[in-house]
1. Taking the chain as the reference, fit the longest principal axis to its C-alpha atoms, fit the long axis of helix 296-308 to the helix C-alpha atoms, and give the angle between the two in degrees, 0 to 90, nearest 10.
2. Based on Cα coordinates alone, diagonalise the gyration tensor for the range 245-374, multiply each eigenvalue by 5, take square roots, and list the semi-axes in whole Å, largest first.
3. Quick check: from the Cα gyration tensor, does the range 298-375 come out rounded (a/c under 1.5), prolate or oblate?
4. Between their Cα atoms, which of 141/191; 404/468; 191/397; 191/404 are more than 29 Å away from each other?
5. Of all GluC sites (Glu not before Pro) in the range 377-481, which ones are in loop regions per DSSP and have a Cβ with at most 16 other Cβ atoms within 10 Å?
6. State the dimensionless ratio Rg/Rh of the range 46-99 (Rg: radius of gyration of Cα atoms; Rh: Kirkwood radius).
7. Roughly speaking, what is the stretch gain from residue 364 to residue 53, that is 0.36 nm per residue apart minus the C-alpha to C-alpha distance, in nm to one decimal?
8. From largest to smallest, what semi-axes in whole angstrom does the range 122-165 give when each is the square root of 5 times an eigenvalue of its alpha carbon gyration tensor?
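The values are calculated or read from the model by the stated rules, or taken from the named source; none is laboratory data. Note that the structure is predicted; figures quoted are calculated from it, not measured. Don't worry about glycine lacking a Cβ; one is built from the backbone with ideal geometry, like all the others, and counts go over all protein chains shown. These area figures cover heavy atoms from the full protein model, side chains too; ligands, DNA and RNA do not enter into them. Shrake-Rupley method; radii C 1.70, N 1.55, O 1.52, S 1.80 Å.
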Amino acid sequence: MFSCLRTEAAALFFAALLLVACAGTTAAQDDELGDDAADPIKLFDRGQEAHARREFEQALELYEEAIRLKPEFPEAEYQRAAALASLGRLPEAEAAYRRASSLNQKWALPHAALGSLLLRAPGREAEAEALLRRAVEIEPKHVSALAALAELRARAGDAAEAVALWRRATALREQDAALWLARARAERATKDPNAAAQSYGRALALDPDGKEARLGRAAALVEAGQAEGALPDLRALEEHARADARLGLDLANVYGLAGRAEDARRVFESLPESARDSEEGRRLGGALTARCEETQEAIAALERLVERDPKNAAALACLGSLARTSDPQVSLEYYRRASALEPSRAEYAVGFAAALVQLRRFEEAVGILRRVVAAEPNNYAAHANLAAALYGQKLYKEAVLEYKWVSRARPDLAVVHFFIGSAHDYLGEYAEALASYEAFLARADPRTNQLEIDKVNLRLPTLRNQIKRGEGVRQQRKAKR
């Protein structure tokens, strides 16, 4: 939803540090030359004052005069490079940064600034990275170098190192909201929405009016399966969305991802026609009008949406859900595509596994569902489908454990006791089977469970006789004792 910190923004981030960084360097210089015109230090100070006023041409003249009088003056060379960069004279700026580095090879700033400059030049990422790593090696607490290196690694697709670098940067400068925002973006890129939500929260604590942080936190909470927790942030953004169509589109999108279709449509329909008619607006509008309903019209709308936007994971998953019982093979393919697009979405993985269960591909389903349960121990749908898959594999002991979890989560669900009873029955645990069958009959509704009721009533007389005769695994073990 949000792009990474742009290169231009990263360059400005450096520029904000430059004058401050050099101000203390000249204080120790000797005032050797009398009047200002012949004194390189005073010329340099006047150059910095002009630089701070954004009078870059004048600053450049003063820096160059200081360098003419004092050729080995790395601070002036460095500031000259910064002024040249601000004037857009990038090849000259690059040469000046290189000269500043050569004059003081243990000074991190020229390496960091040149690395940042090269980030703006296509195809020079490797040079930029080497310079930024050298800056961090010289000065491990160089925040701007860490930030630029994090941006570069994110651009290269190495989200894990980008996160590590942003975390170092925020540890060094905890009161910088922009750093926390960049860290949150990187954490979302590594599919760690819980960490991202916390980082967005830190940015909001520093800048309570930060709309990107608020929307980002809401989106991260939705991704983490905490849609209800996202609602206060989404509600707070609605007023701003009236005057910001870009924000309005993002807000409607996150509402939709949170399962709040009516809120999403309401926000979307309140946007100006120009926003709704944009490419993204048409895509989002199609997604919002294609409701996940088992009607011919809804299914046709979803199919048209997927044809126009093959990467719409929500629409694919909806079609997978609608086809699961009528055509599990089609359901499987839709869920496969949705899961490939968003591997971290548990509901898509569970839908895929449920289709596998329908197709009696139990072993594959068990592997997927165990991973989901490990990541989300309270995911009801995952436990329910895992119970069915284990039962289908005739792994009855494991199935009983899962069905008991489902029963604790849904005490009102009568049919679970039928499956627990039949699993015990297959295991020869007749007393336990009888208790579960009786629990099932006490709760069962003939309108929905008549088939299972008939099966239990047919089985009970024989089962009770077997228990009386001491048959069954548990009874035999007791007899042996």
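1. Taking the Cα atoms of the chain, the angle to 296-308 is about 30 degrees.
2. Whole-Å semi-axes of the equivalent ellipsoid: 30, 15, 11.
3. Details: a/c = 2.76, a/b = 1.49, b/c = 1.85.
Note, shape of the range 298-375 comes out oblate.
4. Checking Cα-Cα distances, 191/397; 191/404 exceed 29 Å.
5. The qualifying sites are 471.
6. Rg divided by Rh gives 0.93.
7. Value of the extension gain: 105.3 nm.
8. 16, 13, 7
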